[in-house]
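These notes concern the structure reproduced below.
The values are calculated or read from the model by the stated rules, or taken from the named source; none is laboratory data. All values reported here derive from a predicted model rather than from experimental measurement. Glycine gets a Cβ as well: all are built from the backbone with ideal geometry, and neighbour counts include every protein chain shown. Please note that ligands, DNA and RNA were not included when accessible areas were found on the heavy atoms of the full protein model with its side chains. Shrake-Rupley method; radii C 1.70, N 1.55, O 1.52, S 1.80 Å.
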Amino acid sequence: MPGPSAAGDDSSLRREGVPGKGARLGTAQQIRLASLWFAMFAQWLTVLPVILPDQVATIVGPDSATKEGMVGTIAAAGAVVALLVAPLAGALSDRLRARRGRRRPFLIVGALGSIVSLMLLVPFGTGGSLALYVVAILNLQFWWNVVSGGYAGLVPDVVAPEQQGTASAWLNVMTIAGTIAGNVVVALTYSTGHAALTMAIFALATLVCLWLTLGVPEAPSPGAAEPFRLGAFLRSFYIDPKAHPNFYWVLITRLLSNMGVWSVLTFLLSYLRDVIGVDNPEQVLPMLLGVGAVLAIPASLIGIRLAERHGLVEIVKAASWIMAATVVGYVLVVLRPSLVLVAPLVLVYAAAYGAYQAVDWALALRVLPSRDAAGKDMGVWHVSMVLPQIIGPAATGWIISGAKQAVSPAFGYTVAFALGALWFVLAAMLVGRVRLAAAGIDYR
């Protein structure tokens with residue numbers, strides 16, 4: 001994979017019409033660059049919160065007392081794969097010698113692998129094998145994170161530093177648009193035991209978005225300057241916290257926020273069914289998430305404007321407090337179950353999360369230890385999204401299952417969602433320790 005230095009400098013690359021590292025991109029190129037995120041989030045924010053719980057409930061039985069624990073454990077097992085694969089894919093892409101760009105092969109192979117993996121979920125229904133289903137989910141997570149590892153390094157490679165806030169905004173727009181589109185597709189085409197059309201649409205969207213993103217040229221990569229040595233490669237994942245404290249505070253606070261996200265999102269479907277009494281939550285939840293994603297678009301634009309005035313850290317802090325308040329609302333609704341009360345909470349949460357995501361990537365890019373190793377560093381940062389998917393769903397799932405059997409479903413969700421709110425509170429309190437100006441970076 002690595003090879004000797006062979007590529008020219010940035011000026012020669014620009015003469016060939018290929019953006020060098022940190023080139024300025026026009027609006028059309030920014031949109032194309034972010035397009036792959038549309039396809040990925042269309043899958044991520046429907047397969048994990050809607051299709052996975054529904055298919056597990058179909059396999060083990062909708063009345064199974066342990067279905068939440070099983071869903072949480074399967075989601076956590078998939079996240080373990082993500083935890084390992086994304087940083088490795090990012091680090092290996094840093095080293096790749098490739099005439100058309102070091103990230104491109106990871107995007108292509110990962111996207112095609114995810115398409116095959118989506119189709120493998122189609123046959124599962126009543127009486128299916130839970131063990132085989134776990135294998136299928138783990139396979140899907142593997143290819144998703146081959147894409148993520150390469151893509152995380154693509155943005156700092158091809159976007160100029162002064163445009164990275166804009167790039168983060170476009171990534172958020174595609175995240176929201178993908179979430180809307182994915183949930184509309186699920187609401188219109190998915191029903192228990194019938195997933196083929198849904199997965200086919202996701203596969204087609206992935207191919208189109210991959211083509212769009214590959215339309216933004218990467219600079220040729222000379223490969224790693226040194227031969228591959230396993231020990232040195234593994235040691236490169238250690239980032240000195242004394243030298244890069246801001247990176248670690250961003251890592252920690254994002255981890256806490258995502259603990260809150262995945263401790264709640266994974267179980268909203270079961271919450272609607274078991275506590276609120278919704279008859280068809282697999283239809284209702286995608287519609288709520290889709291409307292929430294629509295609201296997240298103006299919220300994200302407002303978040304970007306406010307970040308220009310008040311700073312990235314303040315927006316992250318405010319959004320975390322709002323998300324904590326909405327999760328507390330879920331707990332209070334347990335006392336008087338009503339979809340009318342739950343729906344506004346989902347929408348307010350979605351708007352706050354939209355503002356949070358609008359500045360999320362920009363904050364991470366501001367504190368990267370090294371641009372030359374952006375794939376590896378962003379892969380380490382990616383851990384803060386993935387590790388909560390291991391701990392959050394598994395712990396919360398078994399808390400709910402145990403408390404349901406010991407007391408009641410209402411008590412189980414009260415305990416679990418109160419813990420989810422705590423994660424957001426901690427994130428809001430600790431993100432203030434990030435000091436961008438102290439690191440010599442423009443706070444705005």
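Things worth noting here:
- Put simply, of PHE247, PHE233 the only residue that is modelled with pLDDT under 85, assigned to a helix (DSSP H, G or I), surrounded by 19 or more Cβ atoms within 10 Å (Cβ to Cβ) and not acidic (Asp, Glu) is PHE247.
- Some residue of segment 338-345 being modelled with pLDDT under 85, under 30 Å from ILE180 (Cβ atoms) and touching a Leu at 6+ places or on another chain (Cβ under 8 Å): no
- Only listed residue being touching a residue at least 60 places away in the same chain (Cβ under 8 Å), over 23 Å from VAL316 (Cβ atoms) and of a type outside the set (Gly, Ala, Ser), chosen from LEU130, LEU197: LEU130
Table: residues versus (1) touching a Phe, Trp or Tyr at 6+ places or on another chain (Cβ under 7 Å); (2) open to solvent by 10 Å² or more (accessible area, probe 1.4 Å).
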site	(1), (2)
ALA395	no, yes
ILE400	yes, no
ALA406	no, yes
PHE411	no, yes
PHE417	yes, no
GLY420	no, no
LEU426	no, yes
MET429	no, yes
ARG433	yes, yes
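- GLY153 touching a Phe, Trp or Tyr at 6+ places or on another chain (Cβ under 7 Å) and under 18 Å from MET40 (Cα atoms): no
- For segment 255-278, residues that are under 22 Å from GLY412 (Cα atoms) and either among the hydrophobic types (A, V, I, L, M, F, W, C) or modelled with pLDDT under 80 (or both) total 14.
- The number of residues in segment 341-359 being surrounded by 24 or more Cβ atoms within 10 Å (Cβ to Cβ) and more than 16 Å from LEU265 (Cβ to Cβ) comes to 3.
- Criterion violated by GLY149 - all others in (1) more than 16 Å from the chain's Cα centre (by Cα); (2) touching a residue at least 40 places away in the same chain (Cβ under 8 Å) satisfied: (1)
- Members of segment 329-372 found to be assigned to a loop (DSSP other than H, G, I, E, B), without any contact (Cβ under 8 Å) to a residue 24 or more places away in the chain and closer than 28 Å to VAL250 by Cα, listed by number: SER370
- Screening GLY379 on (1) at pLDDT below 75; (2) within 16 Å of the chain's Cα centre (by Cα); (3) open to solvent by 10 Å² or more (accessible area, probe 1.4 Å) shows it passes everything except condition (3).
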